[in-house]
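Please read the structure below before turning to the comments.
The values are calculated or read from the model by the stated rules, or taken from the named source; none is laboratory data. For clarity, every value in this text was computed on a predicted model and none was experimentally measured. Ideal geometry is used to build each Cβ from the backbone, glycine not excepted, and the neighbour counts take in all protein chains shown.
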Amino acid sequence: MHNSIIVGAALSSFRGLMLDRALDIYLKLSNDFGLKGVEVRFDKERERPSLWSWEADSKVKSFLANFETAGVHLPFIYLNPISANPGIEKESVEQLKQSLQRAAELGAKYAVMHTRGEAPDLTFEEKFHKWEDVIRELASYAKKNSILLTIENADFLRSLGDLTRMVRSVNSEWIGITLDIGHAHIRQVAPLSSYPINDLLLRVSDLLLPLSVIKKNMPYETYGSLKKFVASEGELIRVVHIHDYDGKKDHLPLGKGKINFSLLSALRKAFKGPYILEIALENPYHDFEANYRQFVELMEA
């Protein structure tokens with residue numbers, strides 16, 4: 001692959017490893033495959049190499065210094081920045097700020113965030129404007145700390161149309177999009193427990209048909225296809241997450257799902273990365289090598 005492309009992986013992909021062991025394995029992988037990127041996770045989870053922001057020490061900083069573009073995934077699992085409880089809302093935003101600052105201190109070039117949070121009494125537009133206030137505040141804080149803030153297409157902003165609208169509304173050079181290709185193929189449907197027949201049919205179609213056959217409720221529906229989204233809004237994309245999806249489960253190895261990755265060869269011409277593999281790796285070295293080689297083939301197709 002052309003050496004200007006920045007490729008790496010999310011450290012949290014190396015399932016079942018303690019953090020120190022994951023750091024050592026990743027350094028070997030980076031040496032063997034010329035990896036220029038990496039992403040660490042500031043949400044501590046069982047069975048994943050991850051840590052809280054306040055646990056990131058000089059060893060983590062030294063590790064990140066090995067890469068041209070290091071990133072941090074900000075916490076989201078236990079936070080609620082749009083909570084109706086002002087104490088929870090304030091603390092959630094403060095933890096995001098602390099994580100942004102720590103990421104910058106560690107030398108990370110970017111930080112990724114999810115818009116995950118509950119405000120059941122609000123309409124969609126009311127939630128949108130609450131998130132807009134939060135993201136604008138975080139973008140200002142990112143600028144203060146000289147670190148790029150990127151919003152991933154997930155949770156509240158799973159729709160690429162809504163995500164683009166948010167990023168353009170905040171309108172800061174310190175904010176951009178993390179395009180998660182796996183998430184971009186997860187159709188929005190009602191829970192099975194409510195049994196809406198139309199949504200049930202859409203679920204079945206994702207299991208039986210190619211994902212792109214029916215575009216209704218797809219995250220890229222506004223644009224008609226993911227390729228058209230990239231062509232239209234590509235200037236906003238600052239990070240790309242890569243994993244496969246089979247209509248039921250995501251974060252699959254490349255080729256084990258149903259995503260058509262043909263857009264990667266076109267994306268490569270306009271975007272140098274980072275491209276971050278976010279695949280559950282059970283056998284750290286072997287599984288990474290197989291997915292990396294598959295990714296290279298897709299990029300060069």
_Unmet criterion (only one of (1) surrounded by fewer than 14 Cβ atoms within 10 Å (Cβ to Cβ); (2) within 20 Å of the chain's Cα centre (by Cα)) for residue 126_ = (2)
*Quick one: is residue 202 in a loop (DSSP other than H, G, I, E, B) and over 21 Å from residue 7 (Cβ atoms)?*
no
*May I ask you to list the residues in the range 216-229 that are assigned to a loop (DSSP other than H, G, I, E, B) and surrounded by 15 or more Cβ atoms within 10 Å (Cβ to Cβ)?*
217, 218, 219, 220, 221, 222, 223, 225
*State whether one or more residues within the range 241-252 are within 21 Å of residue 69 (Cβ to Cβ) and not in a loop (DSSP other than H, G, I, E, B).*
yes
*What are the pairs, 6+ residues apart or on separate chains, where a residue within the range 194-218 that is free of Cβ contacts under 8 Å to residues at least 12 places away in the same chain and more than 13 Å from residue 245 (Cα to Cα) has its Cβ under 9 Å from a residue that is among the hydroxyl-bearing types (Ser, Thr, Tyr) and part of a loop (DSSP other than H, G, I, E, B)?*
215/225
*Among 155, 121, which is the only one that is surrounded by fewer than 20 Cβ atoms within 10 Å (Cβ to Cβ) and free of Cβ contacts under 8 Å to residues at least 60 places away in the same chain?*
121
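For residue 173, are the conditions met, namely being surrounded by fewer than 18 Cβ atoms within 10 Å (Cβ to Cβ) and touching a residue at least 40 places away in the same chain (Cβ under 8 Å)? Please lay out each step first, then the result.
Details: surrounded by fewer than 18 Cβ atoms within 10 Å (Cβ to Cβ): yes; touching a residue at least 40 places away in the same chain (Cβ under 8 Å): no.
No, not satisfied.
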*One residue from 211, 207 being part of a helix (DSSP H, G or I), modelled with pLDDT under 95 and either out of contact with any helix residue (DSSP H, G or I) (no Cβ under 8 Å at 6 or more places or on another chain) or buried (at least 16 other Cβ atoms within 10 Å of the Cβ) (or both)*: 207
*Quickly run through the range 185-210 and pick out the residues that are under 20 Å from residue 155 (Cβ atoms) and either touching a Ser or Thr at 6+ places or on another chain (Cβ under 9 Å) or not aliphatic (A, V, I, L, M) (or both).*
185, 187, 188, 191, 193, 194, 199, 203, 206
*Within the range 188-197, is even one residue outside any helix (DSSP H, G or I), closer than 25 Å to residue 264 by Cβ and at pLDDT 95 or above?*
no
*From the residues in the range 232-272 that are among the charged types (D, E, K, R) and over 22 Å from residue 204 (Cα atoms), which one is surrounded by the most Cβ atoms within 10 Å (Cβ to Cβ)?*
238
_helices (runs of 4 or more DSSP H) contained entirely in the range 1-108, each with at least 1 residues that are among the aromatic types (Phe, Trp, Tyr) and surrounded by fewer than 20 Cβ atoms within 10 Å (Cβ to Cβ)_ = 19-33
*Return the total of residues in the range 140-187 being among the polar types (S, T, N, Q), in a loop (DSSP other than H, G, I, E, B) and either under 14 Å from the mean Cα position of the chain (by Cα) or closer than 26 Å to residue 252 by Cα (or both).*
1
